[in-house]
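Here is the structure we will look at, set down as structure tokens.
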Amino acid sequence: MALAESPMEAEEEARFAPLYKVTAKVNGTPRTAEVEARTLLVHFLRENLGLTGTHIGCDTTNCGACAVLLDGKAVKSCTILAVQADGRDVMTVEGLEKDGKLHAIQEGFHEEHGLQCGFCTPGMMMTSVAFLSKHSNPTEGDIRHAIAGNLCRCTGYLNIIKSVQYAARKMRESKGGGSA
């Protein structure tokens, strides 16, 4: 197919772009939507599913505000196509709370004042959840390394690190590995 020569032609081509059915288990519930092949996972979550907790920060994979868990691994959802999530498990920040009880990382960010403006918080939390699932007793250095791909423009990261340490402690105490 030739490239559109004008904005009107590009709009016309987009109207007739093929749609692909994507079904993913999102926060434990199967969800389906039809999307263009070029739709990013972050847009699928926000626009097709209405899950706006996943933020769009930079569109260049630098900030980590869009981090979600894909099959348990933290990924930047601005780098993954929605069609790549077909048949897979996706967890967003909305899926952390269970039965009215905050996840340990959410509790940690609240108790340790791990946020200021809150824009980076969902991505920080999701990255931390994936990290804590494999590291139950991390050092400050371990945490700094784990969140290095997530930018916060407001804090010096100290309270974010304290929040992750709090969550690790709560998760060890509960031995459940998830909610505190």
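Residues in the range 114-129: is at least one assigned by TED's automatic domain parsing to the domain that holds Ile160, among the aromatic types (Phe, Trp, Tyr), in a loop (DSSP other than H, G, I, E, B) and under 15 Å from the mean Cα position of the chain (by Cα)? Before you say what the answer is, go through the steps one by one.
Initial filter on the range 114-129 (assigned by TED's automatic domain parsing to the domain that holds Ile160): 114-129.
Add one more test, that the residue is among the aromatic types (Phe, Trp, Tyr), and what stays is 119.
Now narrow it down to the ones that are in a loop (DSSP other than H, G, I, E, B): 119.
Next, from what is left, pick out any that are under 15 Å from the mean Cα position of the chain (by Cα): 119.
Yes, there is a match, as at least one residue in the range 114-129 is assigned by TED's automatic domain parsing to the domain that holds Ile160, among the aromatic types (Phe, Trp, Tyr), in a loop (DSSP other than H, G, I, E, B) and under 15 Å from the mean Cα position of the chain (by Cα).
Among the residues of the range 47-78, which ones are among the charged types (D, E, K, R), over 25 Å from Leu132 (Cβ atoms) and not in a loop (DSSP other than H, G, I, E, B)? Explain how you work it out, then say what you get.
Here is the first cut: in the range 47-78, the ones among the charged types (D, E, K, R) are 47, 59, 71, 73, 76.
Filter once more, keeping what is over 25 Å from Leu132 (Cβ atoms): 47, 59.
Glu47, the sole residue that qualifies.
Taking the criterion of being in contact (Cβ under 8 Å) with a residue 40 or more places away in the chain, over 14 Å from Val83 (Cβ atoms), in contact with a strand residue (DSSP E or B) (Cβ under 6 Å, 6 or more places away or on another chain) and not polar (S, T, N, Q), the residues of the range 23-63 that qualify are Lys25, Val26. Taken as a whole, the structure places Thr32 among residues that are part of a strand (DSSP E or B) and hydroxyl-bearing (Ser, Thr, Tyr). Applying the set (1) at pLDDT below 95; (2) surrounded by 16 or more Cβ atoms within 10 Å (Cβ to Cβ); (3) out of contact with any Lys or Arg (no Cβ under 7 Å at 6 or more places or on another chain) to Ala180 leaves exactly one unmet item: (3).
Whether a residue is surrounded by fewer than 20 Cβ atoms within 10 Å (Cβ to Cβ) and closer than 28 Å to Ala167 by Cα was assessed, and Lys21 does not pass this test. In the range 133-145, is there at least one residue being in a loop (DSSP other than H, G, I, E, B) and hydrophobic (A, V, I, L, M, F, W, C)? No, there is no match, as no residue in the range 133-145 is in a loop (DSSP other than H, G, I, E, B) and hydrophobic (A, V, I, L, M, F, W, C).
Consider the range 88-110. How many of its residues are in a strand (DSSP E or B) and surrounded by fewer than 14 Cβ atoms within 10 Å (Cβ to Cβ)? Before the answer, list the steps.
Within the range 88-110, the first condition is being in a strand (DSSP E or B), and the residues that meet it are 89-91, 98, 101, 103.
Then keep just the ones that are surrounded by fewer than 14 Cβ atoms within 10 Å (Cβ to Cβ); that gives 98, 101.
Number of matching residues: 2.
Being at pLDDT below 95 and farther than 23 Å from Val90 by Cα is the filter; apply it to the range 115-156 and report the residue that is surrounded by the fewest Cβ atoms within 10 Å (Cβ to Cβ). In this case the residue turns out to be Gly156.
Being in contact with a helix residue (DSSP H, G or I) (Cβ under 7 Å, 6 or more places away or on another chain) and modelled with pLDDT under 95 holds for only one residue in Ala65, Ala4, and it is Ala4. When you scan the range 79-87, do you find a residue that is assigned to a loop (DSSP other than H, G, I, E, B), assigned by TED's automatic domain parsing to the domain that holds Asn27, within 16 Å of the chain's Cα centre (by Cα) and without any contact (Cβ under 8 Å) to a residue 40 or more places away in the chain, even just one? Among the residues of the range 79-87, at least one is assigned to a loop (DSSP other than H, G, I, E, B), assigned by TED's automatic domain parsing to the domain that holds Asn27, within 16 Å of the chain's Cα centre (by Cα) and without any contact (Cβ under 8 Å) to a residue 40 or more places away in the chain, which makes the answer yes.
The values are calculated or read from the model by the stated rules, or taken from the named source; none is laboratory data. Quantities reported herein were computed from a predicted structural model and do not represent experimental measurements. Ideal geometry is used to build each Cβ from the backbone, glycine not excepted, and the neighbour counts take in all protein chains shown.
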